[in-house]
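Quick notes on the structure that follows.
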Amino acid sequence: DGGITQSPKYLFRKEGQNVTLSCEQNLNHDAMYWYRQDPGQGLRLIYYSQIVNDFQKGDIAEGYSVSREKKESFPLTVTSAQKNPTAFYLCASSIVAGPNQPQHFGDGTRLSIL
Amino acid sequence: DAKTTQPPSMDCAEGRAANLPCNHSTISGNEYVYWYRQIHSQGPQYIIHGLKNNETNEMASLIITEDRKSSTLILPHATLRDTAVYYCIVRVATGANSKLTFGKGITLSVRP
């Protein structure tokens, strides 16, 4: 089936540790996105990528890093500089970046601090 | 960004049409109206979007008023699986960073 796969579903981070969240899509989409969702709140954009080897900061990029070496993959690293990382992380993709292109989401990774 | 206003919750009977309202009185002429839904602990699911014409797909219909200041999402035959939080979003139409800004949404409860 075509879709977006995020792994792991649950992740625990120790203090001072970097962790990487995986996002893979087989939809042949050029654009990919990372959002963060906190309880009872909406989504906030962390990073987005319009095309391979290119990515841009979103509204809350501090403490996060990404790479886009392959079209189908857009991993997100939560670094130790991110002081409040506990949240639900959502990856999305669209055919291209633009307002008339729906973004389709994976099922998320829930990150917690030990 | 144009802001949307939705009632916090509503319910409907299974098998009946669910009409979910959304107010977006400050929408600009080139901004799209999107609807997503989210079931607890899952990623948001795209439903439908439109600019000024009414739209219909296999999931729902989107009715946008002529002045574009409000819209209604219609689920024609609601089922228990349609119970979710529904988000009405006005999407910024500038540049490649056309992000989705989710508000609080409306919780739809479908009762048997």
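The values are calculated or read from the model by the stated rules, or taken from the named source; none is laboratory data. Just so you know, these numbers come straight off a predicted model, no measurement behind them. Methodologically, a virtual Cβ is constructed for each residue, glycine included, from the backbone with ideal geometry; neighbour enumeration extends over all protein chains shown.
Quick notes on this one:
Results for (1) in contact with a helix residue (DSSP H, G or I) (Cβ under 7 Å, 6 or more places away or on another chain); (2) within 12 Å of chain A (Cβ to nearest Cβ), shown as yes or no for each residue.
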{"residue": "B:LEU51", "(1), (2)": "no, yes"}
{"residue": "B:ALA60", "(1), (2)": "no, no"}
{"residue": "B:THR65", "(1), (2)": "no, no"}
{"residue": "B:ARG68", "(1), (2)": "no, no"}
{"residue": "B:ALA84", "(1), (2)": "no, no"}
{"residue": "B:CYS88", "(1), (2)": "no, yes"}
{"residue": "B:LEU108", "(1), (2)": "yes, no"}
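- Scanning region B:37-53 for residues that are of a type outside the set (Ser, Thr, Tyr) and either at pLDDT 95 or above or crowded, with 18+ Cβ neighbours inside 10 Å (or both) yields B:ARG37, B:GLN38, B:GLY43, B:PRO44, B:GLN45, B:ILE47, B:ILE48, B:HIS49, B:GLY50.
- Subset of region B:20-37 (residues that are within 12 Å of chain A (Cβ to nearest Cβ) and within 11 Å of the chain's Cα centre (by Cα)): B:VAL33, B:TYR34, B:TRP35, B:TYR36, B:ARG37
- Single unsatisfied condition, B:ASN30 versus (1) closer than 29 Å to A:GLN6 by Cβ; (2) surrounded by fewer than 20 Cβ atoms within 10 Å (Cβ to Cβ); (3) touching a residue at least 60 places away in the same chain (Cβ under 8 Å): (1)
- So B:ASP67, is it in a strand (DSSP E or B), loosely packed, with under 14 Cβ neighbours inside 10 Å and either more than 14 Å from the chain's Cα centre (by Cα) or at pLDDT 95 or above (or both): no
- Positions within region A:1-56 being buried (at least 20 other Cβ atoms within 10 Å of the Cβ) and in a loop (DSSP other than H, G, I, E, B), in sequence order: A:HIS29
- For region A:78-114, a residue qualifies if it is of a type in the set (A, V, I, L, M), over 16 Å from A:GLY58 (Cα atoms) and part of a loop (DSSP other than H, G, I, E, B), and the qualifying residues are A:ALA81, A:ILE95, A:VAL96, A:LEU114.
- The C-beta contact set for region B:44-64 (first residue under 15 Å from A:GLN101 (Cα atoms), second residue not in a strand (DSSP E or B), distance under 6 angstrom, 6+ apart or interchain) comprises B:TYR46/A:PRO102; B:ILE47/B:MET59; B:ILE47/B:ALA60; B:ILE48/B:ASN57; B:ILE48/B:ALA60.
- Subset of region A:34-72 that is among the β-branched types (Val, Ile, Thr) and within 22 Å of A:ASP107 (Cβ to Cβ) - its residue that is farthest from the other protein chains (Cβ to nearest Cβ): A:VAL66
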